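Participant: Encoded as structure tokens, here's the structure I'll be asking about.
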Amino acid sequence: MAQPLTVAFPPNLVLTDGWLVTITAIDPVTGALVSGVTISEALMQVEVLEGAGGYALSSGAFMFVPGPGA
Amino acid sequence: MADSALLAAGGDDAPLSYVVPGATAIRIKQIHVKYVDNSAGADWLPAVRIISDSKHRMGTAADQAVKVTAGSDADVSFFPGVKHAAGAATLPYLNQSQLAQSRQAVQTITSGVVTNIAWDAWQSAPGYGDMFGPTATTDNPVTFVKAAYVVITLTVVWPAANYDRYAELAVGAPSSQSQIGSPRIRHSVSPDGDRQTLSAVIAGDPSNPTTITPRVFQGSGVNRAITAGINYYSIPYGVAPFVSP
């Protein structure tokens, strides 16, 4: 059974065009990316402050892409 | 403005990234990730990194207290404004620290003699050794090995009759922070159920060290046979449960 865990996240952090949110697994000591960990699902709830015409942003697997070091 | 929920389902290796699309500004409310550990060689931390449009790493959300053991899966939620609760290891004791002792075979109490209860059985819960040491089993007295508040309930079953009797928790070298003496319950007639129950919270100081001796007395003029039981529960030090009279 997966461990249910909670991690603090910076509040009121506004991200704009071209900024990147990377979901990853890191080494506790070095901070380096850890291989062998798979993400089976990722869900991100965001408040759209500008753009998208006030509508919801597109969603889907294509929104998340393998990042550097994958 | 509207909220959006961005979902990616699949089985891609970490890391996965989301790029904020053109002419858009967003504020993240929460992120939930299901991790599957297929072959990580060591423990790891779930993490979210924020990378600026100039490709500089602006921050990493990870928590050393949220470490996943190699080979384990994890469902992880990232929330703004939360603070990870202090782990139990930062407290002097586990909350469930417990030691239970009992006298199941009858013990003869000579009239007019204050007698320590001789326990013949015991049970414990994790962390009980933090109260009185790992070798405390049927000990009487018990001796504090760390500063502690301990909640105690002592029950003594007496033969029914009207005679003077008491049960007592004799406290040796009590902590100056919560001096309550030695709690005692006394009856001169047969109590309800022919039993005396005494509860107390006692603060212990390992430097003295503080001891607790459950003992009984009866003045009926003849020997009396008792059975008894006691439970010790420790609570985290620094939580003052008791105001000294």
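Participant: In region B:52-74, what count of residues is obtained for those that are in a strand (DSSP E or B), of a type in the set (A, V, I, L, M) and within 7 Å of chain A (Cβ to nearest Cβ)?
Facilitator: Count: 3.
Participant: Would you say B:ALA61 is in contact (Cβ under 8 Å) with a residue 12 or more places away in the chain, small (Gly, Ala, Ser) and crowded, with 17+ Cβ neighbours inside 10 Å?
Facilitator: So B:ALA61 passes the test.
Participant: Something else: What do you reckon, is B:SER190 part of a loop (DSSP other than H, G, I, E, B), at pLDDT below 90 and surrounded by fewer than 19 Cβ atoms within 10 Å (Cβ to Cβ)?
Facilitator: No; evaluated as a whole, the condition is false for this residue.
Participant: Quick one: is B:ALA74 loosely packed, with under 15 Cβ neighbours inside 10 Å and of a type in the set (A, V, I, L, M)?
Facilitator: Considered against the rule, which asks whether it is loosely packed, with under 15 Cβ neighbours inside 10 Å and of a type in the set (A, V, I, L, M), B:ALA74 comes out as no.
Participant: Any residue at all in region B:81-97 that's buried (at least 17 other Cβ atoms within 10 Å of the Cβ) and at pLDDT 80 or above?
Facilitator: no
Participant: Another question, then. In region B:193-206, what residues are β-branched (Val, Ile, Thr) and crowded, with 16+ Cβ neighbours inside 10 Å?
Facilitator: B:VAL201, B:ILE202
The values are calculated or read from the model by the stated rules, or taken from the named source; none is laboratory data. Everything quoted here is computed from the prediction, not taken from an experiment. As a convention, Cβ positions derive from the backbone with ideal geometry for all residues, glycine included, and neighbour counts pool all protein chains shown.
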